[in-house]
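The values are calculated or read from the model by the stated rules, or taken from the named source; none is laboratory data. All figures in this text were calculated on a predicted structure; none of them were measured in a lab. When we count neighbours, we look across all protein chains shown, and the Cβ atoms used for this are built from the backbone with ideal geometry, even at glycine.
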Amino acid sequence: MTTKEQVIEILNSIIIPEIFKTPMDLSLVRDITIKDHTVDITLTLPDISDEHQEWLKSRVESLVKGLEGVESVSVIYEPSKASKHNKIGQVIAVMSGKGGVGKSLVSGLSAIALRKQGYSVGILDADITGPSIPKMFGVNGRPGFTDNCIVPLTSKSGIEIMSLNLLLPDENEAVIWRGPIIGKVITQFWEEVIWGQLDYLIVDLPPGTADAPLTVLQTLPVSGIIIVSSPQDLATMIVKKAVHMARTMKKRIIGVVENMSYLYVPEIDKKIELFGPSKGEEMAKVTGAPLLARLPIDPQLAKLCDTGEIEQYTSELLDDFGEALIKSMVDGVK
């Protein structure tokens, strides 16, 4: 007798043209009913074109009819918005008070660390005027589109990525927009992108405490915030403003990451604190959250980011960071 598992296996093998995802990837399957040699499948599609509907219907019917004992197959469509297809467990915003402290790097490493532990992960690049996530991950090309929805691109290790840079004719083109327009784009990346099923969505915020970070914290169901800092006194002072903003918005700070904490010189087995003594523990006390990691200045990591190969980065520090991040998230929901 035909089972739901067999039907799901077929639906998981069908790649929708131009969207490059399966119905299961996009959480399109609402119901599967099997009775008296008849299989009824209900799909919910967010304004997908008539051409795509007909292709998918024909493909599903053809493959499911090939199962032993199946005499009839019915595919029914129910319209819905993109956001209805998204099942996202936790939204983590990565935030700093100023630029240049490595916020995008921490966003990328957070996603990689979680992915290595077997979680499904996406990155929403909300740094609209300074997007760098696609470059780090070597992701290029255009996202998939339906009539009113966007399908993110996928990195080599399976991380879903959406960034304005993927929509620009030239990645070097400047985005000269006012705050309200930037806020609208960020909202669209949340509401109109089909993220599908994710355990974690990492949101790379722009620096500061103005319109764009405010839009994210007000609009998205942010589960927690990672604060990124560096050892300089000036950076620490400004990052405290981001901490104040998070508290004002009543968002939980899940941890602190100090970037550019030191330079390790293996020839003499010594850590050199180029920007002064670490202030990671101080920032952790200010936030009341754990210090998740002290990231060194690592020429190898910098090269991997420049060449779009950040996912090849491996280190014990990265593994420890992932474990600390998961522990802090779990502790926060107890």
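Remarks
- Some residue of segment 213-225 being farther than 30 Å from D25 by Cα, assigned by TED's automatic domain parsing to the domain that holds M162 and of a type outside the set (A, V, I, L, M, F, W, C): no
Conditions tested, residue by residue: (1) within 24 Å of A293 (Cα to Cα); (2) surrounded by fewer than 23 Cβ atoms within 10 Å (Cβ to Cβ); (3) modelled with pLDDT of 85 or more.
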| residue | (1), (2), (3) |
| --- | --- |
| I181 | no, yes, no |
| E191 | no, yes, no |
| V228 | yes, no, yes |
| A235 | yes, no, no |
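- The listed residue being closer than 26 Å to D331 by Cβ, assigned to a strand (DSSP E or B) and either without any contact (Cβ under 8 Å) to a residue 12 or more places away in the chain or not polar (S, T, N, Q) (or both), out of I112, I76, I92: I92
- Check on L263, surrounded by 13 or more Cβ atoms within 10 Å (Cβ to Cβ), of a type outside the set (D, E, K, R) and farther than 19 Å from V94 by Cβ: yes
- Verdict on S157 being in a loop (DSSP other than H, G, I, E, B), surrounded by fewer than 16 Cβ atoms within 10 Å (Cβ to Cβ) and among the hydroxyl-bearing types (S, T, Y): yes
- Candidate set from segment 44-62 (those that are surrounded by fewer than 19 Cβ atoms within 10 Å (Cβ to Cβ) and in contact with an Asp or Glu (Cβ under 8 Å, 6 or more places away or on another chain)); member that is modelled with the highest pLDDT: H52
- Residue match in segment 138-151 (condition: in the same structural domain as M260 (by TED's automatic domain parsing), at pLDDT below 90, buried (at least 19 other Cβ atoms within 10 Å of the Cβ) and in a helix (DSSP H, G or I)): no
- When residues of segment 54-74 are limited to those that are within 12 Å of H37 (Cβ to Cβ) and hydrophobic (A, V, I, L, M, F, W, C), the one nearest to the chain's Cα centre (by Cα): V64
- Within segment 120-152, the set of residues being more than 23 Å from I15 (Cβ to Cβ) and either in contact with an Asp or Glu (Cβ under 6 Å, 6 or more places away or on another chain) or not charged (D, E, K, R) (or both) comprises L124, D125, A126, D127, I128, T129, G130, P131, S132, I133, M136.
- For V70, the requirement of being closer than 28 Å to L198 by Cβ, surrounded by 14 or more Cβ atoms within 10 Å (Cβ to Cβ) and either touching a strand residue (DSSP E or B) at 6+ places or on another chain (Cβ under 8 Å) or not hydrophobic (A, V, I, L, M, F, W, C) (or both) is not met.
- Lone qualifier among G100, G108, G89 - being closer than 30 Å to V256 by Cβ, in the same structural domain as I310 (by TED's automatic domain parsing) and buried (at least 22 other Cβ atoms within 10 Å of the Cβ): G108
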